[in-house]
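For reference, the structure is listed below as structure tokens.
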Amino acid sequence: MFQRSLLLIPILLLSFAAQGQERSNDPLGPLTQCVNRDGFHYEKRDRRPATATARSVPSARGDLSVSTADGYRLMVYRQSSSPLVNLKLERSAQGRFAEDQLAITAQMQYLSTTLKTARPVALESRTRQGIDILALNLPADDQASGVISMYTLFDAASGTVATAYLLNQRKEVREYASEAEYVVLREQFIGVLLDCLATSSRSTIQP
């Protein structure tokens, strides 16, 4: 049976409070609602505390800081009772987006060389609709549970970073029975997320 996991990448890299502290605005709110489409929906939405303004990511040069002016974590489902995606949406601090993108890129480059897998995991990179995309996909022959793909999308226009951890659903309620079926679901969700970011970037400009 198809089971795989991105080792060394915990599902919760970032701690979110059950309820974020009060803020005067909610720039990421519409984006969280946008992903509720095409059969996908979230059942849990946690906002990052207002006091949590940065997080650390590992790299070959040691831990690097990533700014987080705001953020949400969403557990995204489709038809199964088991979540398909653990999604993080973050807004960089003013003037920090480019630096944050470099830090997260260094993190994913580091992970691609340190994952304990049977075969090397290449860091995939592409740009669509003006949004940069990095991806790590674990080889299908690695047998484990947990995170099986990590996608990070960078929207410079709005200063938003979206990180999607695609999950190996519980075997008894899994929505894919093969590698090919998983890829279809993965690409469908990434397409939804990409469209949502592109729509958001047309209405929000990072200072």
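The values are calculated or read from the model by the stated rules, or taken from the named source; none is laboratory data. This is a predicted model, so every value here is computed, not measured. Virtual Cβ from ideal backbone geometry, glycine too; neighbours counted across all protein chains shown. Note: accessible area is taken over every heavy atom of the protein model, side chains too, but ligands, DNA and RNA are not part of it. Shrake-Rupley method; radii C 1.70, N 1.55, O 1.52, S 1.80 Å.
Kindly indicate whether any position in the range 86-93 is open to solvent by 10 Å² or more (accessible area, probe 1.4 Å) and hydroxyl-bearing (S, T, Y). No: the range 86-93 contains no residue that is open to solvent by 10 Å² or more (accessible area, probe 1.4 Å) and hydroxyl-bearing (S, T, Y). Per the conditions (1) exposed (fewer than 15 other Cβ atoms within 10 Å of the Cβ); (2) in a loop (DSSP other than H, G, I, E, B), the sole criterion not satisfied by E43 is (2).
For the range 149-174, the set of residues classified as among the acidic types (D, E) and farther than 27 Å from L28 by Cβ consists of E172 only.
Within the range 138-156, identify whether any single residue is at pLDDT below 95, crowded, with 16+ Cβ neighbours inside 10 Å, among the aromatic types (F, W, Y) and at negative phi, and answer yes or no. So far as the range 138-156 goes, no, none of its residues is at pLDDT below 95, crowded, with 16+ Cβ neighbours inside 10 Å, among the aromatic types (F, W, Y) and at negative phi.
Could you say whether any residue in the range 117-135 is in a helix (DSSP H, G or I), surrounded by fewer than 21 Cβ atoms within 10 Å (Cβ to Cβ) and within 14 Å of the chain's Cα centre (by Cα)? No, the range 117-135 has no match at all. Could you tell me whether the range 178-189 includes any residue that is in contact (Cβ under 8 Å) with a residue 12 or more places away in the chain, part of a loop (DSSP other than H, G, I, E, B) and open to solvent by less than 10 Å² (accessible area, probe 1.4 Å)? No, there is no match, as no residue in the range 178-189 is in contact (Cβ under 8 Å) with a residue 12 or more places away in the chain, part of a loop (DSSP other than H, G, I, E, B) and open to solvent by less than 10 Å² (accessible area, probe 1.4 Å).
Among the residues of the range 48-72, those identified as outside any loop (DSSP other than H, G, I, E, B) and within 18 Å of F154 (Cβ to Cβ) are A54, R55, V57, L64, S65, V66, S67, D70, G71, Y72. Within the range 59-81, the set of residues being crowded, with 16+ Cβ neighbours inside 10 Å, over 16 Å from the mean Cα position of the chain (by Cα) and under 20 Å from I148 (Cβ atoms) comprises just one member, R78.
Please identify the pairs in which a residue from the range 114-139 that is more than 25 Å from R61 (Cβ to Cβ) and free of Cβ contacts under 8 Å to residues at least 40 places away in the same chain has its Cβ atom under 6 Å from the Cβ atom of a residue that is part of a loop (DSSP other than H, G, I, E, B) and open to solvent by 40 Å² or more (accessible area, probe 1.4 Å), counting only partners at least 6 apart or on another chain. Every condition considered, the pairs that remain are A118/D141.
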